[in-house]
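Below: one structure, written as structure tokens.
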Amino acid sequence: MAGKLTDQMQRCTKEVQEARVSQDADRIKKGVAEYDEVMEKYIPVLMHQAKIYWTMENYPALEKVFRRSVNFCQGSETWKLNVAHVLFMQEKYKDAITFYEPIVKMHLQQIVAVSAIVLANLCVSYIMTSRNEDAEDLMRKIEKEEEDIAYADPERKSFHLCIVNLVIGTLYCAKGNYEFGISRIMKSLEPYNRKLGTDTWFYAKRCFLSLMEAMAKQMVFLQDTTTEEVIQFFEHVEEHGRNVHPVVEQPLEQEPMHAGKNTVAYEARRLKSLFLRIVGR
């Protein structure tokens, strides 16, 4: 089906080119309209094909699929966004920036309108290509807009900066730089009453579990100041997580979880206890 639609777009392109040579405005208009109509059908087909390779985590093959369609789809925002994600997953950060940046720059006046994962991936790409100032500038813009939102509507929650910090922190933890990674994770949940939730806690605690595993194996040693900050972090999470559930129980669960254990506060207390044992306190 993709091949059939590609042939149709090639035919439309040829017709438009011939119409421009003959300066036939009506024919040009008709050809462009037909091309756009075929494109609307082609993009979903291409994305379904791409999803197969994405699920398989075969990113090089997925990049080839997108490269074959570059002549037809380079004007499509959906295509650009997915190409950026594929390049990012292959750690081709400079190339990913060229696709992410135009998307973000289109919404600089309302940056939270951009998907949080796009902002997070762009920040990571900046950092991994030694463009730390650009990453910090982008994060300041997000923080400023979230502050404005909180001032205008105190009930509205925005998790863009939280997700950016979570992604950056997780990346650094995965690469073994726990000092910086954990500091980003802790920063991501501030203020706790607005940022601490089921999903954010799920990703944050994974990094702390990874840290404690590395410390137990004596592969990582934290500075004293970082150790104290981690302990204080768990205490803050325990204080603010009493009414936050770490697990959303399914309706058909045969044995419901004990209400006292299904809180973020309970898990934070357990993690703090484990952390103190590892550091010898």
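Read the figures in this text as sums done on the coordinates, not as results from a lab. Computed from a predicted model, the values in this text were never measured in an experiment. All Cβ positions, even for glycine, are placed from backbone atoms using ideal geometry, and neighbour counts span all protein chains on display.
List of remarks:
- Phi angles of segment 81-92 translate, via the Karplus equation with coefficients 6.51, -1.76, 1.60 and θ = phi - 60°, into HN-Hα couplings of 4, 6, 4, 4, 4, 5, 5, 4, 5, 8, 6, 8 Hz per residue; Gly and Pro are given as x.
- Segment 133-180: GluC sites (Glu not before Pro) in DSSP loop, at most 14 other beta carbons within 10 Å: GLU155
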